[in-house]
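Working notes, structure below.
The values are calculated or read from the model by the stated rules, or taken from the named source; none is laboratory data. As the structure is a prediction and not an experimental result, all values here were calculated from the model. For neighbour counting, all protein chains shown are included, and Cβ atoms are generated from backbone atoms with ideal geometry for every residue, glycine included. The protein model used for the area step is the full one, side chains on, heavy atoms only, and it has no ligands, DNA or RNA in it. Shrake-Rupley method; radii C 1.70, N 1.55, O 1.52, S 1.80 Å.
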Amino acid sequence: KGYSDERLRESGLFNVDERHGMYDKFWNRVIFPIMDVTNRVIGFGGRVMGDGKPKYLNSPETPVFDKSRNLYGLNIAKKTKCGYFILCEGYMDVIALHQAGFPARPIRLFLQCDEEVGTSFTDGQAAVLKRYVKQVLLSYDSDGAGVKAAMRNIGILHAAGLTGKVVNLEPYKDPDEFMKNLGPEEFQKRLDQAENSFFYQIRQIEKNYRMEDPASRSEFYHEIAKRLCGFADEIERDSYVKAMSQKYFIDEGMLRREVASYGRVLTGQGEQNDA
């Protein structure tokens, strides 16, 4: 085709070594084209046929493929009129949800949560999402890695000014598996029942404490107070203080004082007052 070796290397689609010369990196793989919002192909994901390693291979960052600002499936999902997007992890998850009529895209451009294989969800990607919707539903794998990703990315969504909720996929691992077993109507019910992202975070944090032990329970309550400081909007923070007080039977006045105390520490006012 007349492309130079340098340009072929730059594309990220070829490997080069002394024994084989230049050869196709994605040989013997099912290919998932990654498109930008204008439907231009900017990269590829490839799943191996058989038992080869790695299971998934993805295009590297290139001059046309900015991984921090592109999301697989955005070119189709942007056409939705429902007011929210569903974030999931895998190519097949996105495809399965689109086939069932749901607007979806993965949290990252790779299927694994392993940071060595994929790239994390970024502030830039969150900013891109905000152009189209105000709410994002997180539909991650229900395993430990999926929970860890949800905990991390809830903060990114909140910082971008997006409302986040978490979809419960149990007893299935991912949206593709869920759809094959229970179908779109049941998945829609899970979307309607999606959990408030802050409640989800607190519920996951609670698992690290022994609520029957007063000391451990007190530590958990302090952690809630610290988390509540993350709400810059006073009205929003007030609503969550009331919700946490009712949910965990914490004296509301005491919780407000603790939140205010941690807030002064975070802003440095406490140190100034002590001085």
Exercise for the section: First measure r as the distance between the Cβ atoms of Arg40 and Ser239, then evaluate 1/(1 + (r/R0)^6) with R0 = 45 Å and state the FRET efficiency to the nearest 0.05. Expected result: 0.55
Problem - Computed E for Arg217/Met49 - FRET, C-beta separation, R0 51 angstrom, nearest 0.05 - result: 0.45
Handout entry: Entries in Lys1/Lys25; Lys173/Lys247; Lys134/Lys165; Lys79/Lys134; Lys130/Lys180 that, when Cα-Cα distance is taken, lie over 23 Å
Key = Lys173/Lys247; Lys130/Lys180
Completion exercise
Per the Kirkwood formula over distinct C-alpha pairs, the hydrodynamic radius of region 131-185 in angstrom is 12.1
Handout entry: On Cα atoms only, tilt of 175-192 relative to the major axis of the chain in degrees
Key = 40
Exercise for the section: Counting only C-alpha contacts under 8 Å and six or more residues apart, can you give the relative contact order of the chain as a whole percent? Expected result: 10
Exercise for the section: Can you tell me the FRET efficiency between Asp123 and Val30 if r is taken as the Cβ-Cβ distance and R0 is 35 Å, rounded to the nearest 0.05? Expected result: 0.65
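Ignoring everything except DSSP H segments at least 4 long, calculate the 222 nm mean residue ellipticity for the chain; use -39,500 (n - 2.57) per segment, divide by total residues, nearest 500.
One gets -14000 deg cm²/dmol as the mean residue ellipticity at 222 nm.
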Exercise for the section: Could you tell me how many degrees, from 0 to 90 and to the nearest 10, lie between the Cα long axis of helix 252-267 and the main elongation axis, the longest principal axis, of the Cα atoms of the chain? Expected result: 60
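How much accessible area per residue does the chain have, counting only protein heavy atoms and a probe of 1.4 Å, in square angstrom?
That works out to 56 Å² per residue.
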Practice task
Report in % the part of the accessible area of the chain that belongs to carbon and sulfur, leaving out ligands and nucleic acids; probe 1.4 Å.
Solution key: 49
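Between Lys81 and Phe249, what is 0.36 nm times their sequence separation minus the Cα-Cα distance? Round to one decimal in nm. Provide the component values of the computation, followed by the final result.
Details: separation 168, 0.36 × 168 = 60.48 nm, distance 3.98 nm.
Value of the extension gain: 56.5 nm.
Quick one, can you get me the convex hull of the C-alpha atoms of region 12-53 expressed as volume per residue in Å³? Don't jump to the answer; show the numbers that get you there.
Details: hull volume 3.2 nm³, N = 42.
About 76 Å³ per residue, rounded to a whole number.
Could you give the length gained on full extension between Ile205 and Glu61, defined as 0.36 nm per residue of separation minus the Cα-Cα distance, in nm?
48.4 nm
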Fill in the blank from the handout: Residues whose modelled amide H sits under 5 Å from the amide H of Ile42, counting only those 5 or more places away in sequence or on another chain, are Ile34, Met35, Asp36
Practice task
Sort 40-50, 183-193, 146-156 for me by packing, meaning the mean count of neighbouring Cβ atoms within 10 Å per residue, highest on top.
Solution key: 146-156, 40-50, 183-193
Completion exercise
Sequence order, region 59-76: Karplus ³J(HN,Hα) from phi using 6.51 cos²θ - 1.76 cosθ + 1.60, θ = phi - 60°, Hz rounded, Gly and Pro as x, gives 4, x, 4, 9, x, 9, 10, 8, 5, 7, 10, 10, 9, 5, x, 4, 4, 9
Completion exercise
For the chain the translational diffusion coefficient, Stokes-Einstein from a Kirkwood Rh over Cα pairs at 4 °C and viscosity 1.567 mPa s, in µm²/s, is roughly 61
Handout entry: Cα-Cα separations in region 1-80 greater than 16 Å, expressed as whole percent
Key = 59
